[in-house]
Amino acid sequence: MTTSFDRMWADLEPLGRDATTGGYRRHAWTRTDHDLREWFAGECAARGLELVEDRAGNQWAWWGDPDRTPGVVVGSHLDSVPDGGAFDGPLGVVSALATVDALRAAGARPAVPLGVVNFVDEEGARFGIACAGSRIITGALDADRARSLTDAEGVSMAQAWRDAGRDPAGLGPDPEAVRRVGRFVELHVEQGKALAVAPDGGDDLVDPSRAVAIGTDIWPHGRWRVDVPGEANHAGTTRLEDRADAMLGLAAVVQSARAAALAQGCVATVGKVDVVPGGVNAIASRATAWLDARGSSEEAVRAAVAAVTEEAGRFGATTALESWTPTTSFDAGLLDRLRGILPEAPLLGTGAGHDAGILATHGVPSAMLFVRNPTGVSHSPAEWAGREDCNHGVAALTAVVTELCAAAGPEPTGDVR
Ligand SMILES: [Zn+2]
């Protein structure tokens, strides 16, 4: 039997897929993005949902009037990283629309308005700021700064808006749109292997009780810049004992990041470096490494970075914090309700950022559901979720929405820790 999920998935499959890599290039405010937004609008119209856009261009489709009472919102995003997978984002949007279909098929009429959202520019692939859509409406990203962000071709977000036929002057915070969201539940493909690995360490791709997890929090996350000094000189004529080679310090920083993360039970990555002068036959006079560190515990992350800083110091390097985001905990009251509705679901923290985290930080009671990913890979065409597990995801989301929309229920705590 072909379900509405299957049909929608088949519709989306060719949009923005690169023929060579098989990966998706669905970047904000491009032609492909326009096609995805049109697709979303069409699906909402076919269901008789009222579509409104906020001042960042996020699309909200409502069943019921959210100005009467704030609603329950489900959904995610349709954009991708360069050569991304099919599931990161679209799984949440398609599951949300399939949930509407499941409620309709069951003859349900939500007592609380139900919204489906397509957040714009979640990956930040084009303009460099992740979750731009949710950050703009909550004021976490300044409107002037957003307008002036540029892509790799030097096109500003303001110009991209004009190219898409929109007036960038309207871009900005939208407290009205945010006020309509009483609760937000974002279903997302898992971006790791926690659900695909059984407690005994073996693969587990069949246990239905491990198909869907409840997200508990988003890990604390920091970025640091490490500058290692050196002295430029000739790679052929300089004696080894006379060299001050910045690359040796850089190598030590990379190695110590791995060792410190292992020791502390967190993750740390050097994924970007800059070497000066950058010649094959020149000893490096300076090397810069950017360190990304995250983990379930802030103390562990800070201890790991302290160890890297100490190692870097042995090479005369300086380490500077560039950004720090503390743990984002999802709403305690909402989590309690999800645990009641899905008693078997494992609880899972995540090392990736999401629009649900931006809304939670802003004080909107938010939560997430994660669907098992057998490869554990994300931001790559290898990202995957089996259709059985996708169906479990829709069933879980339907159960959650049915319960949350049935009646007001206990008020969420609104705690943002
Ligand atoms: Zn995502």
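In table form, for the structure just shown:
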item	result
Listed residue (G201, V189, A367) projecting farthest to the positive dipole end of the chain, Cβ model	A367
Computed [θ] at 222 nm, helices only, for the chain once each DSSP H run of length n ≥ 4 contributes -39500 (n - 2.57)	-10000 deg cm²/dmol
Computed over region 52-93: relative contact order in percent, which uses C-alpha pairs under 8 Å that are six or more apart	29
Among beta bridges that DSSP assigns inside the chain, antiparallel share in %, nearest 5	70
Distance from region 123-164 to region 355-393 (C-alpha centre basis), Å	24
Heavy-atom accessible area per residue - the chain, 1.4 Å, Å²	43
Positive minus negative residues near W219 (Lys, Arg vs Asp, Glu; Cβ under 10 Å)	-1
The chain, relative contact order in percent, only Cα pairs under 8 angstrom and at least six apart counted	21
Of all DSSP beta bridges in region 1-132, antiparallel share, percent nearest 5	65
Label-point separation in nm, D167 to V197, each point 7 Å along Cα→Cβ	5.3
DSSP-loop trypsin sites (Lys or Arg not before Pro) across region 152-206, with at most 16 other Cβ within 10 angstrom	R166, K193
Protein accessible area in the chain, 1.4 Å probe - carbon and sulfur %	52
Average Cα contact separation per residue, region 28-149, under 8 Å, 6 or more apart, as relative contact order %	28
D_trans [Stokes-Einstein, Kirkwood Rh over alpha-carbon pairs] for region 84-219, 37 °C, 0.692 mPa s, µm² s⁻¹	183
Translational diffusion of region 102-155, µm² s⁻¹ [Kirkwood Rh, Cα pairs; Stokes-Einstein; 25 °C; 0.890 mPa s]	181
Distance histogram in 10 Å bins (all Cα pairs of the chain, percent per bin)	5, 20, 29, 25, 13, 6, 2, 0, 0
Neighbour net charge for A198 - beta-carbon separation under 10 angstrom, K R +1, D E -1	-3
Cα-based Rg / Dmax (Å) for region 222-376	20.8, 71
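The values are calculated or read from the model by the stated rules, or taken from the named source; none is laboratory data. Keep in mind that what you see is a predicted model, and the values were worked out from it rather than measured. With ideal geometry, Cβ positions are generated from the backbone for all residues, glycine too; neighbour counts draw on all protein chains shown. Each accessible area value is taken on the protein alone, full model and side chains, heavy atoms only, with ligands, DNA and RNA left out. Shrake-Rupley method; radii C 1.70, N 1.55, O 1.52, S 1.80 Å.
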